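One structure is given below, encoded as structure tokens.
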Amino acid sequence: MARKKIPIKKIDNINARQVTFSKRRKGLFKKAQELSTLCDAQIALIVFSATSKLFEYATSSMQQILERRNRHSGVQGSDISSTGQQQLGSESFDMLRKVVEDKTHELSQLNGQDLQGLTIQELQKLEELLQRRWTTISKIKEEKMTQEINSLKTKVNAHTGGRTYRREPETEAEFL
């Protein structure tokens, strides 16, 4: 059965995109390993997912291969940071800078800062997100408190041998 050729464009379905990314990443790494084995080549691959998760493959030490690359291109150790834009290419560098700016801005909004420029809909989405996170935090806190109470009850029962004690009434009203 022949494989169906798919058009090379962004996959709209997020789950399908993630599955495709995972499978193709594994295939890319496998091809790199095969090329290294067949041709005795040193290979270093660096892949960032859409969620900025880092995946890397190197036939030997990633650091050694990068140092070799830097020596080959004439870049010395201290020059790496000053020529970061040249190494990444201006488009990649700009894209990464934009992602960092967006995430920093998003984080400041989650902390209640920089809210003046938001529309009512954006504020409502932010409020819903914070409410969901608050609910999650509250549930986790409640679970931990319940666990702690149960743990303390178990310790008390172990210490008292399962006996329960009643507090003596201190006033006449409590006695009645």
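Assorted remarks:
- Under 23 Å from residue 103, Cα to Cα: lysines that are on another chain or at least 8 residues apart: 10, 53, 125
- Cβ-Cβ FRET estimate between residue 12 and residue 141, R0 fixed at 35 Å, reported to 0.05: 0.40
- Taking all protein chains together and a 1.4 Å probe, the residues 94, 12 rank 12, 94 from largest to smallest accessible area.
The values are calculated or read from the model by the stated rules, or taken from the named source; none is laboratory data. The shown structure was predicted, so the numbers you read here are calculated from the model rather than taken from an experiment. A quick note on method: Cβ atoms are made from the backbone with ideal geometry, for glycine too, and the neighbour counts reach across all protein chains shown. With ligands, DNA and RNA removed, areas are computed over all heavy atoms of the protein, side chains included. Shrake-Rupley method; radii C 1.70, N 1.55, O 1.52, S 1.80 Å.
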